[in-house]
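> Here it is, the structure in full.
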Amino acid sequence: MKQFRFFAFFAFAIAFSTTQAQTALPSVELKTLDGKTVNLKDYVSTGKITVISFWATWCAPCKKELTAIADLYPEWQEKYNAQLLAVTIDTQRALAQVRPLVETEGWEYIILSDANNQLKNALNFQAIPQTYLVDQQGNIVYSHSSYVPGDEFELEAKIKALAGKE
């Protein structure tokens, strides 16, 4: 019986990991900082590797993560054809604080707003920062919750592998 449980668990783990590796990114409408409605699929159907980082102005670890990535980001763009979408979950009332923060920090990312939590709910996560790595076909291939210094290098290794430049 123990062997059966082990085999069943192992088979489930393999099936889940395969499913997780090929989870398609949902088609959700977000807003730019100028208030324009855009579809997330328009950004991930460009054939680029895409990092999606969920953050908020009140989240200190989120800001630390995006600031740490800022130093590496130009290289990611050049070497790996990668882009980063920084998706704020700040409420409509707090959105006025987003642009000044982005400008102060000098973040060169595409900034989108999920103030109504449509994408957050579709991806079903609770805590931020939450980071997803999306392949060139629009499939989520990696996700990570929270941030500690050095996580950006693990993310870079995943991007490098996805770009086939190991």
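> Using the structure shown, select from 36/63; 48/165; 79/158; 41/64; 31/63; 31/158 the pairs with a Cα to Cα distance greater than 22 angstrom. Could the numbers behind the result be given before it?
On the way: 36/63 24 Å; 48/165 14 Å; 79/158 13 Å; 41/64 27 Å; 31/63 20 Å; 31/158 28 Å.
Result: 36/63; 41/64; 31/158 exceed 22 Å.
> Of the listed peptides 72-78, 57-63, what is their order by residue-averaged count of other C-beta atoms within 10 Å, with the highest listed first? Don't skip to the answer; put the middle values down first.
Details: 72-78: 14.6, 57-63: 16.3.
In decreasing order of mean packing, 72-78, 57-63 become 57-63, 72-78.
> Counting only protein heavy atoms and a 1.4 Å probe, tell me what percentage of the chain's accessible area is made up of carbon and sulfur.
The nonpolar share, carbon plus sulfur, comes to 54 percent.
> In the set [x] 0.98; [y] 1.01; [z] 0.96, which value of Rg/Rh (Cα atoms, Kirkwood Rh) was calculated from the structure you see?
[y]
> Given springs between every Cα pair under 10 Å in a Gaussian network model of the chain, which of 105, 156, 65 has the largest fluctuation?
Result for the chain, Cα springs under 10 Å: 105 fluctuates most.
> Residue by residue through segment 52-69, what is 3J(HN,Hα) from phi via Karplus (6.51 cos²θ - 1.76 cosθ + 1.60, θ = phi - 60°)? Round to whole Hz and write x for glycine and proline.
10, 10, 8, 8, 8, 5, 8, 9, 4, x, 4, 5, 5, 5, 5, 5, 5, 5
> Just to check I understand the Karplus step: with θ = phi - 60° and J = 6.51 cos²θ - 1.76 cosθ + 1.60, what whole-Hz values come out for segment 74-85, glycine and proline as x?
Result, ordered by residue: x, 5, 4, 5, 6, 6, 10, 6, 10, 9, 10, 9 Hz.
> Keeping all protein chains in place, calculate the accessible area per residue for the chain (probe 1.4 angstrom), answer in Å².
With the other protein chains kept in place, the chain gives 56 Å² per residue.
> Whole-Hz ³J(HN,Hα) for each residue in segment 119-124, computed from phi via Karplus 6.51 cos²θ - 1.76 cosθ + 1.60 with θ = phi - 60°, x for glycine and proline: what do you get?
After applying 6.51 cos²θ - 1.76 cosθ + 1.60, I find 6, 4, 5, 5, 8, 6 Hz.
> Could you work out the relative contact order of the chain, using alpha carbon pairs under 8 angstrom and six or more residues apart, expressed as a whole percent?
Result for the chain is 31 percent.
> Moving on to the next point. Using the Cα centre of segment 65-166 as the reference point, and only Cβ charges (+1 on K/R, -1 on D/E), how large is the resulting charge dipole? Debye, rounded to the nearest 20.
Rounded to the nearest 20 debye, it is 360 debye.
The values are calculated or read from the model by the stated rules, or taken from the named source; none is laboratory data. Note that the structure is a prediction, hence the values are computed from the model and not measured. Glycine also receives a Cβ, built like all others from the backbone with ideal geometry; neighbour counts cover every protein chain displayed. Just so you know, the surface numbers come from the protein's heavy atoms only, side chains and all, with ligands and any DNA or RNA stripped out. Shrake-Rupley method; radii C 1.70, N 1.55, O 1.52, S 1.80 Å.
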